[in-house]
Amino acid sequence: MNREEKRTLAVRLQESLQGASYAVLVDFSGLKVPQSTELRSKVRAEKARFEVVKNRIVLHASGNDIIKNLSELFRGPTAILSGSGDPVGLVRILRDFSKENPALNFKGGWVDGQLLSPEGLVQLAGLPSRQELISRFAGTLVGPIGRLCMAIQSPLRNFILDLKEIARKKS
């Protein structure tokens with residue numbers, strides 16, 4: 001591979017990481033082709049990218065913030081999984097996949113401007129997803145409002161029931 005091809009690959013890597021809000025580095029050495037294919041399809045389902053990169057090409061792409069902060073982790077076979085959505089779903093998939101396939105190991109990650117260790121990524125996988133947090137928050141907001149509505153309706157309902165009872169007794 002000549003220098004121009006390396007530069008082209010480096011520019012393509014920078015462009016793919018340009019809009020990413022997270023990147024997770026994994027060591028995938030030891031994964032068989034069917035396992036790798038399965039992992040790629042799961043990653044694609046999360047709308048993330050799975051890229052295997054050469055470490056020397058990463059050094060040429062050091063203009064990107066993500067690569068600058070993760071540059072020391074590019075040792076040995078490395079894959080970059082990146083995207084712009086919610087990172088919890090992807091990290092959860094990677095954690096579960098690594099339980100079934102111990103050949104896959106976290107190297108580190110970059111999530112919303114913060115460098116995460118492999119242990120930090122495992123902790124992130126244990127968090128609820130963004131959608132789940134939003135639904136919990138909405139439930140927390142709706143609960144008191146629902147109880148207030150019931151409290152306001154209760155005297156009126158009791159008054160109507162009392163009127164019906166009086167009408168039943170008189171007839």
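If R₀ is 45 angstrom, what is the calculated FRET efficiency for the pair ILE145 and GLU100, using the beta carbon separation as r and rounding to 0.05? It would help to have the intermediate numbers written out before the result.
Numbers: r = 44 Å, r/R0 = 0.98.
The calculated FRET efficiency here is 0.55.
Regarding the chain, what are the three Cα extents along the principal axes, ordered largest first, in Å?
Taking the Cα atoms of the chain, the three principal extents are 101, 33, 24 Å.
Taking the convex hull of the alpha carbon atoms in segment 128-171, what volume per residue do you get, in Å³? Intermediate results must be reported in sequence, preceding the final value.
Values: hull volume 2.7 nm³, N = 44.
Enclosed volume per residue, from the Cα hull, is 61 Å³.
How big is the dipole moment of segment 100-171 about its Cα centre under a simple scheme where the beta carbon of each Lys and Arg is +1, that of each Asp and Glu is -1, and everything else is neutral? Debye, nearest 20, please.
Numbers: 9 positive and 6 negative charges, 165 e Å.
The dipole magnitude comes to about 800 debye.
Relative to the Cα centre, what is the charge dipole magnitude of segment 1-158, using +1 at the beta carbon of each Lys and Arg, -1 at the beta carbon of each Asp and Glu, and rounding to the nearest 20 debye? Working shown, then result.
Values: 22 positive and 15 negative charges, 36 e Å.
In total the dipole reaches around 180 debye.
Report, in deg cm²/dmol and to the nearest 500, the calculated mean residue ellipticity at 222 nm for the chain, where each DSSP H run with n ≥ 4 adds -39500 (n - 2.57) and the sum is divided by the residue count.
Numbers: 7 runs with 104 residues, N = 171.
About -20000 deg cm²/dmol.
If we count other beta carbons within 10 Å of each Cβ, what is the order of LEU156, LEU13, fewest first? Please report the intermediate quantities before stating the final value.
Details: LEU156 9, LEU13 22.
Lowest to highest Cβ neighbour count: LEU156, LEU13.
Counting other C-beta atoms within 10 Å, and keeping those with at most 14, which DSSP coil trypsin sites (Lys or Arg not before Pro) do you find in segment 11-82? Intermediate results must be reported in sequence, preceding the final value.
On the way: sites: ARG12, LYS32, ARG40, LYS42, ARG44, LYS47, ARG49, LYS54, ARG56, LYS68, ARG75; in loops: LYS32, LYS47, LYS54, ARG75.
Answer by residue number: LYS32, LYS47, ARG75.
For segment 128-171, build the charge dipole from Cβ charges (+1 Lys, Arg; -1 Asp, Glu) around the Cα centre, then report which of PHE159, SER171, CYS149 sits farthest towards its positive end.
SER171
Which of GLN35, LEU121, SER135 sits farthest toward the positive end of the charge dipole of the chain, with +1 on the Cβ of Lys and Arg and -1 on the Cβ of Asp and Glu?
It is SER135, whose Cα lies furthest towards the positive end.
Can you spot the aspartates and glutamates whose alpha carbon is less than 14 Å from LYS47's alpha carbon? Ignore those fewer than 8 places along the same chain.
ASP86
Can you classify segment 32-111 as rounded, prolate or oblate using the Cα gyration tensor, where a ≥ b ≥ c are the square roots of its eigenvalues, rounded means a/c under 1.5, and otherwise it's prolate if a/b beats b/c and oblate if not? Working shown, then result.
Working: a/c = 1.88, a/b = 1.43, b/c = 1.31.
Verdict is prolate for segment 32-111.
List every residue whose amide H lies under 5 Å from the amide H of SER84, counting only residues 5 or more places away in sequence or on a different chain, with H placed 1.01 Å from N in the peptide plane.
SER21
Bear in mind these aren't lab numbers, they're just calculated from the coordinates by the rules spelled out. Since we're looking at a predicted model, the values are computed, not measured. Virtual Cβ from ideal backbone geometry, glycine too; neighbours counted across all protein chains shown.
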